[in-house]
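The values are calculated or read from the model by the stated rules, or taken from the named source; none is laboratory data. Model, not experiment: these values are computed from the prediction. Heads up, the Cβs are rebuilt from the backbone with ideal geometry, glycines too, and the neighbour counts pull from every protein chain shown. To get the accessible areas, we keep the full protein, side chains included, count just its heavy atoms, and leave off ligands, DNA and RNA. Shrake-Rupley method; radii C 1.70, N 1.55, O 1.52, S 1.80 Å.
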Amino acid sequence: MSISIHAPVLLILTLIAALSGCAVNPVTGKSELSLISPQQEVAIGAQQYQPSQQSQGGQYYIDPQLQTYIAGVGRKLAAVSDRPDLPYEFVVLNNPVPNAWALPGGKIAINSGLLLHLEDESQLAAVLAHEIVHAAARHGATQMSRGVLVGVGAQVAGIASETAGYGQLGGVAAQLGSQAWMARYGREAELDSDAYGMDYMKRAGYDPQGAVELQETFVKLNASRQQDFISGLFASHPPSQERVNRNRQKVAALGAGGLRNRDVYQQRIAQLKRDKPAYDAQTEAIKALNNKDGKLAISHLDKAIKIQPKDGYFYELRGHAWNMLKDSARAEQDFSAAINRNPNYFSHYLARGVLRYESGRKQDALPDLEKSHQLLPTPTAAYYLGEQASSSGNNAKALGYYQQAAQSPGELGKRAQVRVATLEMSQTPHKYIASSPYLGNDGYLWVVVKNNSPMAVSGIQVQLAEMTSASTAARRTTLAGPSRLAAGEQFVIKTRIGPMADRNELARFRTQVTAAKPVN
């Protein structure tokens, strides 16, 4: 049973919630914690929509009419939602992992891989309506306020820096196995999205029975432990028999009947169905690449390209395979073919840019690296752009790129951390070399110095100040540190100050490292 809230009452509740740091859910009328304003919500979605698409495979472009069709169904449902004024957008991603997601503000995506598991337009409407409710009900904004949803940009960068075992060339794992950035919605949010999504379906003229069938299919697939579903859709939208039962009850209340449009839907996904063997071959090729079997990967990708020669990703993967086999000429040829077929996807440029850079053609690599970074800022592109800026003597620009790359958890991130420390060491050595005064066993003042940087350093100098007040030093002394201090190592400098009868006398002294340089 649903309870409607009249507009004046809802306005009063909204004002009360705003004063208490909460907000009224515009779909359910419930008061929820939300520190994100509707304007911020829309801005976040708009800002992150393109990077999120890039990190999940980019737009599906083989059949443009499919994009038009999906967007049309989405707009039809959005028009009857509780927040029809949101700037909704709908896009199909070139990603075989069955998934769908919504960013705050109504930016919604559905993977091509999920479309193949739907039977008709009613089931498609069930997926899109569910995501529209997540946007309309501000579920993403609520998750951000709770700290459940971390910064989207950071997650996108992390996703795109993953590798599939054949080079620091983010994007492969992101497109074909990683979960999207979105929050793991709770049970109540999922049930609400099912229920109100079925309301939207009914208002738009669709048969809500499609939502029941959709959940029944997902429960069966989950029971069979199909890994592609578990790693994709089910991670963020877990199915359950409870959801099936709730949907059946909702259909009983709403009444079955309405548009199914099976023939129309099957006609629209006909290209996807014809190309399915190509994407199955792509999946096998990635397995081969992860197993370091470049020849087997090429055989699978040759099959995929023969079936669908327009998909640039097949060529990029084959380029990785050629590179694995030390045939850089063929690798670059395939990376270029990928760019020619899809000039709007970051990963193709990144692959060719890194290949050119590593082969010594740094100037040729620069446009590719810059284009890749423009489409999706990744740690990999940032690192190589930092290398190029550093070799050109632009240390300020290099530092900015290295700081981006240093966020990566892998080996490349460690190398970037060394680059950052190297550039900053001369200006702010105390940021990396910690120092502290303490009372030694002999009663004299000692100074402990610790190298917190990722590299060995030398030439350490520590300034010791004796304070007469919190801000005034009576005298300053420069102490020489060890000739070399390894990463993580510490050293004790003994002074002639003392002996001290009272440990509280230590409060008069301050220390700071004023000089240090990396050991090459």
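Just a few scattered comments:
- Reported count of residues in the range 364-409, each being touching a Lys or Arg at 6+ places or on another chain (Cβ under 6 Å) and closer than 21 Å to Gln50 by Cβ, is 1.
- Members of the range 384-411 found to be within 21 Å of the chain's Cα centre (by Cα) and under 20 Å from Ser328 (Cβ atoms), listed by number: Tyr384
- Restricting attention to the range 460-514, the residues that are closer than 17 Å to Val448 by Cβ, of a type in the set (A, V, I, L, M) and in a loop (DSSP other than H, G, I, E, B) total 4.
- Residue pairs meeting the criteria (Cβ under 6 Å; at least 6 apart or on separate chains; first under 20 Å from Ser81 (Cα atoms) and outside any helix (DSSP H, G or I), in the range 200-227; second modelled with pLDDT of 95 or more and among the acidic types (Asp, Glu)): none
- Any hit, the range 457-466, residues being surrounded by fewer than 14 Cβ atoms within 10 Å (Cβ to Cβ) and at negative phi: no
- Any hit, the range 148-157, residues being modelled with pLDDT under 90, over 29 Å from Thr283 (Cβ atoms), open to solvent by 10 Å² or more (accessible area, probe 1.4 Å) and of a type in the set (S, T, N, Q): no
- Taken as a whole, the range 314-325 holds no residue that is over 21 Å from Thr283 (Cβ atoms), open to solvent by 20 Å² or more (accessible area, probe 1.4 Å) and assigned to a loop (DSSP other than H, G, I, E, B).
- Hits in the range 262-277 (condition: surrounded by fewer than 18 Cβ atoms within 10 Å (Cβ to Cβ) and either at positive phi or of a type in the set (Asp, Glu) (or both)): Asp263
- Elements of type helices (runs of 4 or more DSSP H) contained in the range 341-445, each with 3 or more residues being touching a Phe, Trp or Tyr at 6+ places or on another chain (Cβ under 8 Å) and not hydroxyl-bearing (Ser, Thr, Tyr): 346-358, 362-375, 379-391, 411-425
- Exactly one residue among Val519, Val457, Val449 is under 24 Å from Glu424 (Cα atoms), in contact with a Phe, Trp or Tyr (Cβ under 6 Å, 6 or more places away or on another chain) and touching a residue at least 60 places away in the same chain (Cβ under 8 Å), and that residue is Val449.
- Checking each residue in the range 431-453 for being among the β-branched types (Val, Ile, Thr) and over 35 Å from the mean Cα position of the chain (by Cα) picks out Val447, Val448, Val449.
- Residues in the range 300-325 that are more than 17 Å from Lys276 (Cα to Cα) and over 29 Å from the mean Cα position of the chain (by Cα): Leu325 alone.
- When Tyr313 is tested against the conditions (1) more than 17 Å from Ser347 (Cβ to Cβ); (2) at pLDDT 95 or above, the lone failure is (1).
- When Lys295, Lys303, Lys276 are checked against the criterion of being at pLDDT 95 or above, in contact with a Pro (Cβ under 8 Å, 6 or more places away or on another chain), under 28 Å from Asn342 (Cβ atoms) and part of a helix (DSSP H, G or I), a single residue qualifies: Lys303.
- Residue check for Ser112: crowded, with 24+ Cβ neighbours inside 10 Å, of a type in the set (S, T, N, Q) and under 17 Å from Ala270 (Cβ atoms): yes
- Answer residue from the range 29-54, given it is at pLDDT 85 or above, among the polar types (S, T, N, Q) and open to solvent by less than 80 Å² (accessible area, probe 1.4 Å) and is nearest to His373 (Cα to Cα) among those: Gln54
- Test: residue in the range 360-373 that is farther than 30 Å from Ala501 by Cβ, open to solvent by less than 40 Å² (accessible area, probe 1.4 Å) and out of contact with any Gly (no Cβ under 8 Å at 6 or more places or on another chain): yes
- Filtered residues of the range 65-87 (kept if under 26 Å from the mean Cα position of the chain (by Cα) and open to solvent by 10 Å² or more (accessible area, probe 1.4 Å)): Gln67, Ala71, Leu86, Pro87
- Odd one out for Asp280 among (1) free of Cβ contacts under 8 Å to residues at least 24 places away in the same chain; (2) open to solvent by less than 70 Å² (accessible area, probe 1.4 Å); (3) closer than 22 Å to Tyr345 by Cα: (2)
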